[in-house]
Amino acid sequence: MNKKQRIAEENEVLLNLWHQSQAGDSLAFCQLADKQYRTLFNYACNFTTDREFIKDAIQDLMIHIWERRQNIQIQFVAIYFLRALRNQLMQEFRRSNGSHPLLDIDEAGQVSDYQTVETEIERNELLSENQVKVRCAIDELPRRQKEAVFLKYFEGMDNEQIADLMQVNRQSVANLLFKAITALKQHIHPISNLLLLCFALQF
């Protein structure tokens, strides 16, 4: 099964949980929220280092979606939740009057979006040396490049979906990905070609 097929099947599972949630099944919604939590948390780390703030934002988002579930139409569950969280974070940043500023390009390189290498190895012994190098290198990318890479290679979105979520045009997404891949290739010697790099990202 290729990655696109896996993503499509996962979306079908999530859609089934969503439809049950719309019918008032709170257990199904809890399962849906649980399946989305890690992705949402990792994605939000592109915007702020405040993990408690992220947890609160995700909790508020889930409450908001549950309360308005009957009026929400979803085709791709992961994309909807990510877009909703992104919009909520932007609103919270504006309301906070700078107490939770957006990460700028320099700050973004200091944030780890993913769990430590040691924890990942303990949880998944199949993680290869190249994958470890890729993850470390991704942490050094500017925020918007890292966001684009996260959505493209970890969430399997196409450029059009990423552009819609990030509120930019497709060419901007292509430029962000090109710069990110170029930077990653420079940092992950001797991985010197895109095929090996993309293979390392498929975990």
query: Of the residues Ala148, Ala183, Ala163, which is more than 15 Å from the chain's Cα centre (by Cα), of a type in the set (A, V, I, L, M) and either assigned to a helix (DSSP H, G or I) or closer than 16 Å to Asn42 by Cβ (or both)?
result: Ala183
message: Here is a check on your reading of the model: is Ile63 of a type outside the set (S, T, N, Q) and surrounded by 13 or more Cβ atoms within 10 Å (Cβ to Cβ)?
response: no
field: Selected residue (only one of Leu17, Leu85, Leu32 is at pLDDT 85 or above, surrounded by 13 or more Cβ atoms within 10 Å (Cβ to Cβ) and closer than 25 Å to Gln145 by Cα)
entry: Leu85
- line: When Ser128 is run through (1) over 20 Å from the mean Cα position of the chain (by Cα); (2) assigned by TED's automatic domain parsing to the domain that holds Ala180; (3) at pLDDT 70 or above, the failure sits at (3)
task: Test Gln22 against the criterion of being in contact with a helix residue (DSSP H, G or I) (Cβ under 9 Å, 6 or more places away or on another chain), over 22 Å from Leu89 (Cβ atoms) and at pLDDT 90 or above, and give yes or no.
output: yes
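The values are calculated or read from the model by the stated rules, or taken from the named source; none is laboratory data. Since the model is a prediction, treat every value here as computed from it, not as a measurement. Neighbour counts are summed over all protein chains in view; Cβ atoms, including those assigned to glycine, are modelled from backbone coordinates with ideal geometry.
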